[in-house]
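Read through the structure below, which is laid out as structure tokens, and then see the notes.
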Amino acid sequence: MSIIKNDFEKMTITKIKKAKNNKKLTMITAYDALFSNLFKDIADFILVGDSLNMSFAGQNDTLSATLEQMIYHTNAVCKGAPEAFVITDMPFGTYNNEKEALENAIKVYQQTNAAAVKIEGGEDRAHIVNHLTSNSIAVVGHIGLMPQYVRSEGGYKVRGKTKEDEEQLLKDAIAIEKAGAFCIVVEGVLSSVAKKITELVNVPVIGIGAGNVTDGQVLVWSDMLGFFDEFKPKFVRRYLDGATLVKQAVNQYRNDVQDTSFPSQEEEY
């Protein structure tokens, strides 16, 4: 008997909006067909995050991820989870102005089955979000701690610690919602401020490092399953010690090869 309580339903933008104040939404990253297939009947959304640049490409930040990489990985995710609601991160440098943003978002739509794209930025990027949504591109906003701003901000900094910053975050959320985003990711924000943002806007707010006061949560799969063990952000809960389990399994495989217990007669042709 399965231990998984499966109340999954295929999401649409209409269902996502209706989840506000009715259902806590679950988002998880995936970068390939293998893991998206595992998540497809559990998570409400799958995010093809530019976090893959750090988790799997070994880079120090997300900034060198390219549109071609994101399209490649989005296609793999969609192949593994054809019924899932898949969101693709627009990588750094691909939406600096309205024209460029639309051209690149159209590439994502034409070359993948992604249901939406995600854009980092608040008031400063609201005109970009508006231009995309006005041209039939579904957009998820992303405010608060924004990984693509890491170099210009001088590191990863928790947001909302001052009254001025809190007021700016509220303005950012309003601007992004008004621009047409159907959902907003809020990252690395004091939970008291995240609560105000969630109550202020009429679209679902998905938190990461923003407490349990939002309309849902998102985590990077390699963080929550313990495969990325170089460091653990405070907001991550590890549901599996994946790195240790894999190392143990591969070590056992090596031992079985060395003592010739693998392959056994049952595993021969």
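The values are calculated or read from the model by the stated rules, or taken from the named source; none is laboratory data. If you're wondering where the values come from, they're calculated on a predicted model, not measured in any experiment. In this analysis, Cβ positions are derived from the backbone assuming ideal geometry, glycine residues included, and neighbour counts consider all displayed protein chains. Areas reflect the complete protein model, heavy atoms only, side chains present, ligands, DNA and RNA absent. Shrake-Rupley method; radii C 1.70, N 1.55, O 1.52, S 1.80 Å.
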Placed amide H near His142: partners under 5 Å, 5+ positions off or other chain
Ile119, Gly121, Val185
Per the Cα gyration tensor, the chain corresponds to an equivalent ellipsoid with semi-axes, largest first in Å, of 34, 21, 19
Can you tell me the orientation of helix 67-80 relative to the chain, as the angle in degrees between its alpha-carbon axis and the longest Cα principal axis, to the nearest 10?
60 degrees
Of Asp61, Asp215, Asp124, which has the largest mean-square fluctuation in a 10 Å C-alpha GNM of the chain?
Asp124
Using each residue's phi in segment 89-96, evaluate 6.51 cos²θ - 1.76 cosθ + 1.60 at θ = phi - 60° and report the 3J(HN,Hα) Karplus result to the nearest Hz, with x for Gly and Pro.
5, 7, x, 3, x, 9, 9, 6
Backbone HN-Hα couplings from phi across segment 211-226 [Karplus 6.51/-1.76/1.60, Hz, Gly and Pro as x]
x, 9, 8, 8, 7, x, 9, 9, 9, 6, 4, 6, 6, 5, 9, x
Which residue fluctuates the most in the chain, going by a Gaussian network model with Cα springs under 10 Å, if the choices are Val48, Val77, Val150?
Val150
For Leu25, the residues 5 or more places away or on another chain with a placed amide H closer than 5 Å to its own amide H are Gly216, Gln217
Which value, in debye to the nearest 20, describes the size of the charge dipole of the chain about its Cα centre when Lys and Arg Cβ atoms bear +1, Asp and Glu Cβ atoms bear -1, and nothing else is charged?
960 debye
Give the separation of the Cα centroids, segment 45-107 to segment 146-175, in Å.
22 Å
When the chain is modelled as a GNM with alpha-carbon springs shorter than 10 Å, which of Ser51, Ser36, Ser152 fluctuates the most?
Ser152
Read phi for every residue in segment 175-185 and hand back ³J(HN,Hα) as whole Hz from Karplus 6.51 cos²θ - 1.76 cosθ + 1.60, θ = phi - 60°, with x for Gly and Pro.
5, 5, 5, 4, 6, x, 5, 8, 6, 9, 8
Taking 25 Å as the cut-off for C-alpha to C-alpha distance, list the pairs among Lys118/Lys178; Lys15/Lys195; Lys196/Lys234; Lys40/Lys195; Lys171/Lys195 that go past it.
Lys40/Lys195
Can you tell me the order of 65-73, 244-252 when each peptide is scored by its average per-residue count of other Cβ atoms within 10 angstrom, highest first?
65-73, 244-252
Just to confirm the number: angle between the C-alpha axis of helix 98-111 and the first principal axis of the chain, 0 to 90 degrees, nearest 10?
30 degrees
Excluding ligands, DNA and RNA, the carbon-plus-sulfur percentage of the accessible area of the chain with a 1.4 Å probe reads 52 percent
